[in-house]
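**Q** The structure is given below, and queries will be raised subsequently.
The values are calculated or read from the model by the stated rules, or taken from the named source; none is laboratory data. Predicted, not measured: the structure shown is a model, and the values here were computed from it. With ideal geometry, Cβ positions are generated from the backbone for all residues, glycine too; neighbour counts draw on all protein chains shown. With ligands, DNA and RNA removed, areas are computed over all heavy atoms of the protein, side chains included. Shrake-Rupley method; radii C 1.70, N 1.55, O 1.52, S 1.80 Å.
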Amino acid sequence: MAAPAAELQEPALSLELLPTDPLLLILSFLDYRDLVSCCYLNRRLNQLSSHDPLWKRHCKKYWLISEKEKSRRNESWRSIFISTYSDLGRYIRYYATLKKAWDDLEKYLGQWCPRMIGSLKESVREEDLDAVEAQIHCKLPDDYRCSFRIHNGQKLVVPGLMGSMALSNHYRSEDLLDIDTAAGGFQQRLGLKQCLPLTFCIHTGLSQYMALESVEGRNKYEIFYQCPDQMARNPSAIVMFITGTSYLEWFTSYVNKVVTGGYPIIRDQIFRYVHDKECVATTGDITVSVSTSFLPELSSVHPPHYFFTYRIRIEMSKDALPEKACQLDSRYWRITNAKGDVEEVQGPGVVGEFPIISPGRVYEYTSCTTFSTTSGYMEGYYTFHCLYYKDRFFNVTIPRFHMVCPTFKVSTA
């Protein structure tokens, strides 16, 4: 006799009947928001989502908590995530990126610029940032606030964390301002309305500003150097050389350049010279490479005057024979601006010197040039004579290197 239809039906599959391990595997793919949501669905998921190893990934991903830090705190992964989120939750989009940038920077400075470590200030509290917003009557972007929850900028010292630049008669070194000093320099005057200084150079007075509102032709959170418009009748008219579109992008791109060796370390300072890896030329045993930098504090858009500095490195291979030692006699430059106008310069030595180059030896020097256009390039050669064969002369190629002014815009003040 056939069994009743009801007896042939399989029992309904419920969450309670599913094995634990596959469920934990599924939960391990969820983001922290979804994991928290599971706590409210039913008792089983509440228990499973509290499984501590599930929170390890989120602690490492969002808060960069290491096994060593967990052991020191003697807390579960879940409690560490929750307590950190209660303090820094509003910054969860930015914290890991900025914390890694700061950690990488500190590690690099400890190796190459140790005295700069002592100038970094401890983090600020959330209420300190709220107080600054109340003081300036303007909201600070969360990525900026997040960075200052890690480090409150830098003391006003030399060298500055945000890079240096030096010529024979000009020196600049920019500090990353702490929150109180930045708030004290907050601008409400025409031309710089609702702009907060991020950096400051005590030698030149130069600052990089961040726009906290979209006014006077600026985009919100845009970062720039100001440059007076010398041909405008209105003294508040300025030109802005753009250096970043947000604090996160501005700070992390700078740190990346530093820690990857993109900027040279000279006399325990970070120098903001940009080196194009293709800008290298080798003639025989001698290699010439060039790095460049734009100086906004010595430049002008109206009238057009764009100031660049360049650093030349001349190196003889350590495998060269001793008799290849030589001395630089003269230089020849061919300078071309964006309009195609050409200027030729020839003269003895470089910066008043006649360096001797021998196997394994490096000679570096810094010079500068100006253009009436926003870009241009230079190329040329050095003439050397051999020390062992004084009547033997030869030319060494200087690779073509380009200099380009950053994007700029005119304030609509």
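**Q** So with the 1.4 Å probe, I'd like the accessible area per residue for the stretch 234-384, rounded to whole Å².
**A** Computed with neighbouring chains in place, this is 44 Å² per residue.
**Q** Also, I was wondering about something else. How high is the relative contact order of the stretch 20-91, given as a whole-number percent (alpha carbon pairs under 8 Å, six or more residues apart)?
**A** With pairs under 8 Å counted, the relative contact order is 25 percent.
**Q** Further question: Hey, can you find the accessible area per residue of the stretch 9-110 for me, probe 1.4 Å, expressed in square angstrom?
**A** About 63 Å² of surface per residue is accessible.
**Q** So if I place +1 on the C-beta of Lys and Arg and -1 on the C-beta of Asp and Glu, and nothing else carries charge, what would the dipole magnitude of the chain be about its Cα centre? I want it in debye, nearest 20.
**A** It comes to approximately 300 debye.
**Q** Another question, then. Note down the magnitude of the dipole of the stretch 273-406 about its Cα centre, charges +1 on Lys and Arg C-beta and -1 on Asp and Glu C-beta and zero elsewhere, to the nearest 20 debye.
**A** 100 debye
**Q** Related question: Taking R0 as 41 Å, what FRET efficiency do you get between Ala134 and Val404 from their Cβ-Cβ distance, rounded to the nearest 0.05?
**A** Efficiency, from the Cβ-Cβ distance: 0.50.
**Q** Please give the calculated 222 nm ellipticity per residue for the chain, where each DSSP H segment of at least 4 residues contributes -39500 (n - 2.57) and the sum is spread over every residue; nearest 500 deg cm²/dmol?
**A** For the chain, the value works out to -8000 deg cm²/dmol.
**Q** At 1.4 Å probe size, with the rest of the protein present, what percent of the exposed accessible area of the chain is carbon and sulfur atoms?
**A** Of the solvent-accessible surface of the chain, carbon and sulfur hold 52 percent.
**Q** Bin width 5 Å, alpha-carbon pairs only: give the P(r) of the stretch 51-166 as whole percents, running from 0 to the bin holding the largest distance.
**A** So the P(r) values, bin by bin, are 2, 10, 17, 19, 18, 15, 11, 6, 2, 1, 0, 0.
**Q** Could you give the nm distance between label points at Arg43 and Ser66, where each point is 7 Å from its Cα heading toward the beta carbon?
**A** Calculated label separation equals 4.3 nm.
**Q** Okay, moving on. Normalising by the residue count of the chain, find the relative contact order in percent from Cα pairs under 8 Å and 6+ residues apart.
**A** It rounds to 11 percent for the chain.
**Q** Sticking with this structure for a sec: Might you work out the accessible area of Arg115 for me, using a 1.4 Å probe with all protein chains in place, and round it to the nearest 10 Å²?
**A** Using a 1.4 Å probe on the heavy atoms, I get roughly 130 Å².
**Q** Based on the alpha carbons, how large is the Rg to Rh ratio for the chain when Rh follows Kirkwood?
**A** Values: Rg = 29.5 Å, Rh = 25.7 Å.
With Rh from the inverse mean 1/r over Cα pairs, Rg/Rh is 1.15.
**Q** Which residue, Leu109, Pro159, Phe81, has the largest displacement toward the positive end of the dipole of the stretch 78-163 when charges sit on each Cβ (Lys, Arg +1; Asp, Glu -1)?
**A** In the stretch 78-163, that residue is Leu109.
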